[in-house]
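First up is the structure itself, then whatever we jot down about it.
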Amino acid sequence: MTNKWQNPIETGDGMTIATDILIEEGYTSTDELVQEWSLMVALTKVEQYQAECMYFQQKYQTSLADFEQRLHAVKGIEDFEKEEDLDDWEFATSSLKWWQAKTQDMQNAINAQNIQ
């Protein structure tokens, strides 16, 4: 895979176009941009998975734990739609927790850098 940063597009004064844009927007380094972009991605993922969890919570009018307990309490009858929803809900919940932790880690790192 080619690293696009290795072949920057040059402007007339030798400054790369990307660097020129970053400076114009107030960034002091590409690291700062990457951190900010990563935080935006993480926050977007948190919002996405929160919406998915809310969807299932509203659809079934219960919590994930209660839904799972009720679904598995019925023996001998399989409801494939509900089983699939359970899998999706569990995945969304797990992903939400992971992205929330990454968001917090990133915010802590940014705050620590701002203090220095």
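Where a number appears in this text, it was derived from the coordinates with a stated rule and is not lab data. From a predicted model like this one, the values you see are computed outputs, not experimental measurements. Virtual Cβ from ideal backbone geometry, glycine too; neighbours counted across all protein chains shown.
Data for the structure
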read-out	value
Extended-chain gain in nm, criterion 0.36 nm per residue less alpha-carbon gap, residue 84 and residue 16	19.5 nm
Sparse-neighbourhood loop sites, trypsin sites (Lys or Arg not before Pro) in the range 16-116 - DSSP loop, at most 10 other Cβ within 10 angstrom	75
Positive-end residue, the chain charge dipole about Cα centroid, Cβ charges, pick of 73, 58, 104	73
Set of aspartates and glutamates with alpha-carbon distance to residue 102 below 14 Å, sequence-local pairs under 8 removed	36, 47
Cα centroid separation - the range 30-47 against the range 51-116, whole Å	21
Between 0 and 90°, nearest 10: helix 80-115 axis offset from the chain longest Cα axis	30
Of (1) 1.20; (2) 1.66; (3) 1.30, the label for Cα Rg over 2.2 N^0.38 Å derived from the coordinates	(2)
Summed residue charge, Cβ within 13 Å of residue 64's Cβ, Lys/Arg positive, Asp/Glu negative	-3
Expected 222 nm ellipticity per residue - DSSP helices of 4 or more, -39500 (n - 2.57), all of the chain, to 500	-25500 deg cm²/dmol
Helix 30-60 axis, angle to the chain major axis (alpha carbon atoms, nearest 10°)	20
Helix 64-73 vs. the chain, principal-axis angle (Cα, 0 to 90°, nearest 10)	30
Residue 54-residue 33 FRET efficiency (beta carbon distance; Förster radius 35 Å; 0.05 resolution)	0.65
